[in-house]
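These notes concern the structure reproduced below.
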Amino acid sequence: AFNRAFEEAGLPWRWDVPLYQRLVRISGGRERIAAYLEAMEGRLPDCERVEQLQVAKQRAYNALVAAGTLTLRPGVERLLRSAAQQGVPQAIVTTSSRLAVQALLDQLLPDHRSCIQLWVCGEDVLRKKPDPAAYELALERLVLPADRVIALEDSGNGVASALAAGLTVLVTRSGASAGESPDAFAAAAAELDHLGEPDQPLQVRRGPACPQGWVTLSYLQQLLPAR
């Protein structure tokens, strides 16, 4: 989506996977674009230009989602629905824009409102991950104590944000965070390759064993601190 925005603007840049794995450590699309423009051109970019590129990127992203390019990772829908059936409050806490979240959920989980009670998106806080502001806002709105909440994260910035807010963290690295240092994930309670399905068992990279081969609510429960 970023590359399509650059092409549309007549810019010669193209982000490949290794470059994006570095850039994605900058939280937020606008911030990522601005940092890259400054690095390439040696000066602070014009805010309006950054906004135009971000809008073009969002338009391209929405088109990719609508075309079915993206899919949910193993175990995500299963765990969301299981938690909803048990009445467990669920929230999305992200540095992505509300438009991006809307496009993704409407396409991949059309009845998402039955599972997810709250979204905290990039527009809702002044400081993005790794700052804890987004998680702190979610805890405030859900009226939940941090020591009874688990964050499912996929990046070093996300892990740092959740931990700083006092949450327990389960991490499943994404393709974008695969190259990050293991130190960025060391404080998570568990690190898995994904959440698992009965026909697609997960691998535990660190943390408690998961004998069933897929994450359940009882597995999440055992990650929380004892009371």
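The values are calculated or read from the model by the stated rules, or taken from the named source; none is laboratory data. Predicted model, so just to flag it, every value in this text is computed and none were measured. Cβ: placed from backbone, ideal geometry, glycine included. Neighbour counts: every protein chain shown. These area figures cover heavy atoms from the full protein model, side chains too; ligands, DNA and RNA do not enter into them. Shrake-Rupley method; radii C 1.70, N 1.55, O 1.52, S 1.80 Å.
Of note:
- Within region 1-50, the residues that satisfy the criterion of being touching a residue at least 24 places away in the same chain (Cβ under 8 Å), in a loop (DSSP other than H, G, I, E, B) and under 21 Å from the mean Cα position of the chain (by Cα) are ALA1, VAL24, ARG25, SER27, GLY28.
- Criterion: in a helix (DSSP H, G or I), on the phi < 0 side of the Ramachandran plot and open to solvent by 20 Å² or more (accessible area, probe 1.4 Å) - qualifying residue of LEU126, LEU104, LEU152: LEU104
- Flag for VAL17 being under 19 Å from ALA176 (Cα atoms) and surrounded by fewer than 15 Cβ atoms within 10 Å (Cβ to Cβ): yes
- Residue in region 181-207 that is farthest from ARG22 (Cα to Cα), counting only those that are open to solvent by 20 Å² or more (accessible area, probe 1.4 Å) and touching a helix residue (DSSP H, G or I) at 6+ places or on another chain (Cβ under 6 Å): ALA189
- Pairs are defined by a Cβ separation below 8 Å, a sequence spacing of at least 6 or placement on different chains, a first member in region 110-124 that is β-branched (Val, Ile, Thr), and a second member that is at pLDDT 95 or above and assigned to a strand (DSSP E or B); the pairs so defined are ILE116/ALA91; ILE116/ILE92; VAL120/ALA91; VAL120/ILE92; VAL120/VAL93.
- Look at region 89-104: where a residue is within 7 Å of CYS121 (Cα to Cα) and a partner is open to solvent by 20 Å² or more (accessible area, probe 1.4 Å) and of a type outside the set (Gly, Ala, Ser), sitting 6+ places away or on another chain with Cβ atoms under 7 Å, you get THR95/LYS128; THR95/LYS129; SER97/GLU123; ARG98/TRP119; ARG98/GLU123.
- Scanning region 18-28 for residues that are closer than 14 Å to ALA1 by Cβ and modelled with pLDDT of 90 or more turns up TYR20, LEU23.
- Residue tally, condition crowded, with 17+ Cβ neighbours inside 10 Å, hydrophobic (A, V, I, L, M, F, W, C) and not in a helix (DSSP H, G or I), over region 129-149: 1
- Yes/no for LEU72 being open to solvent by less than 70 Å² (accessible area, probe 1.4 Å) and within 21 Å of SER155 (Cβ to Cβ): yes
- Within region 167-178, the presence of at least one residue that is open to solvent by 20 Å² or more (accessible area, probe 1.4 Å), closer than 30 Å to GLU140 by Cβ and of a type in the set (D, E, K, R) is confirmed.
- Residue match in region 195-203 (condition: assigned to a helix (DSSP H, G or I), in contact (Cβ under 8 Å) with a residue 40 or more places away in the chain and of a type outside the set (S, T, N, Q)): no
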